[in-house]
Amino acid sequence: MSAGVGVDLENLWIRFGDFVAVRDANVNINGGDFFSFLGPSGCGKTTILRAVSGFLEPSDGRVLIGGNDMKGIGPNKRPTALIFQNLALFPLMKVWENITFSMEIKGASVRERRKRADELLDMIALPGQGDKLPSELSGGQRQRVAIARALCAEPDVLLLDEPLSALDLKLRQHMRTELREIQQRVGITFIYITHDQGEALTMSDSIAVMKAGVIDQIGNGKTIYNDPSTAFAASFVGENNVFRGKIKRIMGEEALIQTNRSGELVARISTANQGKMKEGDAAMMFIRPEAFALAPKGAKGTHFVTAKVNNEEFEGNVFNIFMEGDGGKELKVSIPNLGQSFEDHTGQNITLEYETKNAVIVPAGELAAE
Amino acid sequence: MPSFLKEFFKRNGTGMGSLMLGLVLFWTVGLIILPQLSMLDFSFRPNLPPPEIGGPKDVYTLENYKYLIYGPEGGSQDYNAVDLKVFFRTLVAAVCVTVFNLILCYPIAYYLAQTKGNHIRIFALMLIIPYWINEILRAFALRIIFGETGVLNNMLVGLGVFDTPFDFIRNDIALYAGLGYAYILLMIFPIYNVIESLDRNQIEAARDMGASWPMIHRRVVIPYAKPGISSGCTMVFMLSAGALAAPQILGGPSSLWFTQLIYQQFNDNSDWPQGAAYAVVLLVTCILLVLAVMRLFKVNMGDIGK
Ligand SMILES: Nc1ncnc2c1ncn2[C@@H]1O[C@H](COP(=O)(O)OP(=O)(O)OP(=O)(O)O)[C@@H](O)[C@H]1O
Ligand SMILES: [Mg+2]
């Protein structure tokens with residue numbers, strides 16, 4: 001799938017006065033990929049997208065599309081199409097006029113435009129709705145019209161700025177699949193922006209995790225989830241339990257960490273930090289709720305954790321156990337519900353075990369806000 | 001009692017509600033509708049000395065309207081060429097002032113509405129402050145600028161653009177400038193108001209798809225701003241056609257505005273019925289013209305209030 005047009009950001013800086021919105025971003029997006037920028041609100045995602053689409057000039061560094069430097073090329077001249085956070089459909093134009101606006105600009109006849117609109121309406125599963133106004137459509141339908149309008153311009157790169165954020169959960173999940181399908185059908189590069197890690201994980205070939213203008217990690221969904229390179233990436237993507245401490249001994253790819261609350265534990269050093277951590281370094285160990293299993297009471301060793309249970313809840317597919325954790329944060333454990341009997345441990349100390357490969361060590365750093 | 005009235009009384013109480021309703025009715029009926037109706041009544045009566053009012057000669061007649069078209073009975077001409085010419089010139093000039101104002105104000109309104117920052121507030125203030133000065137003073141100030149020995153002529157002659165001073169007043173340039181200037185705010189603010197509520201992303205979306213700026217204005221901004229444009233144009237047109245001070249002060253000696261004729265009838269000739277008839281003709285024509293143009297551009301009455 002490398003036929004499409006790629007996008008590269010080289011040492012990209014964007015400043016607004018003294019404020020640095022994007023700091024030294026380096027990203028290579030392969031042609032035909034579904035690439036996501038994932039980060040909390042205000043971290044500079046929209047800013048990056050605006051730099052790619054040409055509404056913002058980089059303060060420093062370069063934006064390349066298909067290998068060509070885009071400096072000085074306006075948004076109307078770039079092979080990109082942007083889908084706005086609020087869609088920005090033209091309220092006074094009918095759906096078909098909206099969709100084929102890019103053809104109107106090029107002077108296409110009404111017949112050509114109608115024909116193309118019908119094709120695209122079929123593709124987005126809204127056949128025969130071309131004569132409605134955008135206000136007469138539902139949220140999800142408007143969403144699809146915005147996609148069709150962007151695709152009609154036949155861009156090499158489609159830029160999507162949290163296009164699903166205004167939809168309710170069900171529709172959002174449905175649209176995820178649909179977007180991914182559309183992307184695979186048209187085969188062009190999608191750059192997708194979201195603060196929803198579920199969206200990023202399910203749709204993307206590659207994800208860049210952003211924090212306050214800085215790109216923390218780039219990788220595919222599995223890498224980001226299983227092998228985070230920073231404390232922020234580990235805590236932002238999916239639920240995670242943190243254990244703070246100091247590296248006591250490096251043992252090849254693994255390390256023994258002296259944790260503040262749970263004694264000495266062994267875990268894998270994340271790939272990006274292999275060889276970079278040394279004994280005595282402040283470190284954080286992360287274990288996912290689903291990576292724990294109940295162990296015999298009082299079992300001791302470097303892959304056992306004992307703590308007091310605050311409360312428990314039954315979620316259907318899992319039992320959640322909330323225990324006293326590190327730094328005032330609760331330790332969450334999810335045990336799959338396989339029909340086993342499950343006693344209530346509230347108030348008791350219980351022991352958990354994990355496999356070393358499922359626990360990952362990164363340098364101590366800022367955690368994502370809840 | 002209709003439900004909205006019931007609701008109104010429930011919200012404001014019977015006493016307060018009646019008072020408010022009474023005041024509003026007094027304002028619309030007592031101060032606007034009744035005087036206008038009496039003007040209408042005047043316009044259909046002959047001009048009689050006070051003792052004969054209510055007498056046998058005081059009957060409804062169309063003679064005041066006929067006068068505008070045919071002139072005095074037994075006059076030398078078939079038509080009242082002088083007054084009719086003034087009438088149509090006034091309408092054409094008011095249309096020109098409106099169009100000129102629109103062309104001038106749309107870019108200003110767009111700029112004000114779509115730019116952020118403190119300088120915009122200063123800009124708006126600079127537009128508003130001149131309106132603290134009363135209309136007459138403003139008109140005379142323009143006379144100082146445009147007069148034969150005025151600032152502009154001194155400058156142009158000094159620069160060698162003209163050999164002799166150009167008579168801006170006789171050529172009505174001062175009048176058009178004065179009228180245009182008088183109603184600038186009435187054009188800018190309605191347009192500004194609508195454009196301000198236009199989502200900037202729509203402009204960017206159009207731009208992103210490759211639209212040029214003229215195209216963006218033609219297809220995205222202007223259609224959206226249409227209610228503001230029409231209410232601005234309506235106000236400027238109505239007020240220019242009905243202006244009196246500016247034509248009086250800035251108009252050339254040979255070019256009368258129709259309102260000046262009306263004024264003469266009321267004041268100099270003491271012919272109220274004739275003046276009322278002229279005023280009614282002007283009002284009705286203006287309203288019909290506005291309605292026709294609205295129809296042409298597919299604007300609804302409801303949009304105007306936006
Ligand atoms: N034109 C601007 N002038 C000054 N600061 C700006 C401007 N645009 C954005 N910023 C700042 O840059 C930072 C990043 O903004 P951006 O819109 O890229 O965030 P985002 O990641 O898209 O957030 P969200 O998820 O809420 O949309 C914010 O702190 C914002 O205040
Ligand atoms: Mg954003």
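The values are calculated or read from the model by the stated rules, or taken from the named source; none is laboratory data. This is a predicted model, so every value here is computed, not measured. Reconstructed Cβ throughout: ideal geometry from the backbone, glycine too, with neighbour counts over all protein chains shown.
Restricting segment B:191-209 to residues that are surrounded by fewer than 19 Cβ atoms within 10 Å (Cβ to Cβ) and not in a helix (DSSP H, G or I), the residue that is farthest from the other protein chains (Cβ to nearest Cβ) is B:SER197.
I want to confirm something. Restricting to segment A:148-165 and keeping residues that are among the charged types (D, E, K, R) and more than 9 Å from chain B (Cβ to nearest Cβ), which single residue is farthest from the chain's Cα centre (by Cα)?
This residue is A:GLU154.
Residues that are within 16 Å of ligand 2 (Cβ to nearest atom) and touching a residue at least 12 places away in the same chain (Cβ under 8 Å) number at least 3 in the following strands (runs of 3 or more DSSP E) confined to segment A:17-107: A:19-29, A:34-38. I'd like the residue in segment A:208-220 that is of a type outside the set (A, V, I, L, M, F, W, C) and either within 16 Å of ligand 2 (Cβ to nearest atom) or farther than 20 Å from A:GLU239 by Cα (or both) and, out of all such residues, is farthest from the other protein chains (Cβ to nearest Cβ). The qualifying residue farthest from the other protein chains (Cβ to nearest Cβ) is A:LYS211.
The conditions of being closer than 20 Å to A:ARG149 by Cβ and among the small types (Gly, Ala, Ser) are not met by A:ALA51.
Restricting A:GLY54, A:GLY17, A:GLY74 to residues that are within 16 Å of ligand 1 (Cβ to nearest atom), within 11 Å of chain B (Cβ to nearest Cβ) and over 19 Å from the mean Cα position of the chain (by Cα) narrows the list to A:GLY54. Kindly establish whether A:ARG23 is within 16 Å of ligand 1 (Cβ to nearest atom), basic (Lys, Arg), more than 14 Å from chain B (Cβ to nearest Cβ) and in contact with a Ser or Thr (Cβ under 7 Å, 6 or more places away or on another chain). Against the criterion (within 16 Å of ligand 1 (Cβ to nearest atom), basic (Lys, Arg), more than 14 Å from chain B (Cβ to nearest Cβ) and in contact with a Ser or Thr (Cβ under 7 Å, 6 or more places away or on another chain)), A:ARG23 does not qualify. Reported count of residues in segment B:168-180, each being in a loop (DSSP other than H, G, I, E, B) and in contact (Cβ under 8 Å) with a residue 60 or more places away in the chain, is 4.
Checked against the criteria, B:ILE229 counts as in a helix (DSSP H, G or I) and either within 14 Å of chain A (Cβ to nearest Cβ) or under 30 Å from A:SER102 (Cα atoms) (or both). Against the criterion of being closer than 29 Å to B:ILE195 by Cβ and either within 10 Å of ligand 1 (Cβ to nearest atom) or surrounded by 18 or more Cβ atoms within 10 Å (Cβ to Cβ) (or both), A:GLY42 qualifies. For segment A:166-196, filtered to residues that are more than 16 Å from ligand 1 (Cβ to nearest atom) and among the hydroxyl-bearing types (Ser, Thr, Tyr), the residue that is nearest to the other protein chains (Cβ to nearest Cβ) is A:THR189.
For A:VAL95, indicate whether it is modelled with pLDDT of 95 or more and away from every other protein chain (no Cβ under 14 Å). Considered against the rule, which asks whether it is modelled with pLDDT of 95 or more and away from every other protein chain (no Cβ under 14 Å), A:VAL95 comes out as yes.
Of all positions in segment B:5-16, none carries a residue that is within 25 Å of the chain's Cα centre (by Cα), farther than 30 Å from B:LEU175 by Cα, of a type in the set (Ser, Thr, Tyr) and at pLDDT 85 or above.
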